[in-house]
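Asker: Please find one structure pasted underneath; my questions will follow.
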Amino acid sequence: MPKKKESSSVIEAALVDSIDHLNDSVQRLTKRSRAIVESSKSYGIYFLRGVMYGLGFLFAFVIVIPLIVWMLQYIEWVPMLGDFIANIIERIEEVSKL
């Protein structure tokens, strides 16, 4: 009967090793899946960041720059700047008529 105890302890040790190996595999798998989920979130954040960056440029180009040019055309006390802005406004109006 001592052989049964020895063989059962060997089997038990093999099972414990298998369970430990399985546990390690599951932990590695969860770490990889977390990394995949986190990377997809960061791609979404980068995408939204790019969209906001583009909207900021669009806002500046469409609203802020024409507003500044419009305000600067009324500056008469700086002759060179006033004439330069007036020329820009005239060219913009010419192009918009075409």
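Asker: Read through the list (1) touching a helix residue (DSSP H, G or I) at 6+ places or on another chain (Cβ under 9 Å); (2) without any contact (Cβ under 8 Å) to a residue 12 or more places away in the chain, then give the number of the only condition that Leu72 fails.
Answerer: Against the list (1) touching a helix residue (DSSP H, G or I) at 6+ places or on another chain (Cβ under 9 Å); (2) without any contact (Cβ under 8 Å) to a residue 12 or more places away in the chain, Leu72 comes up short only on (2).
Asker: Follow-up. Answer yes if at least one residue in the range 66-83 is of a type in the set (Val, Ile, Thr), modelled with pLDDT of 85 or more and in a helix (DSSP H, G or I), and no otherwise. Walk me through how you get there before you give the answer.
Answerer: As a first pass, look at the range 66-83 and keep what is of a type in the set (Val, Ile, Thr): 68-69, 75, 78.
Narrowing the set further to residues that are modelled with pLDDT of 85 or more leaves none.
No, the range 66-83 has no match at all.
Asker: If I go through the range 60-72 residue by residue, how many of them are farther than 16 Å from Arg91 by Cα, among the aromatic types (Phe, Trp, Tyr) and either touching a strand residue (DSSP E or B) at 6+ places or on another chain (Cβ under 6 Å) or surrounded by 11 or more Cβ atoms within 10 Å (Cβ to Cβ) (or both)?
Answerer: Of the residues in that region, 0 qualify.
The values are calculated or read from the model by the stated rules, or taken from the named source; none is laboratory data. Keep in mind that this is a model prediction, so the values were computed, not measured. Every residue, glycine among them, receives a Cβ derived from its backbone with ideal geometry; neighbour counts consider all protein chains shown.
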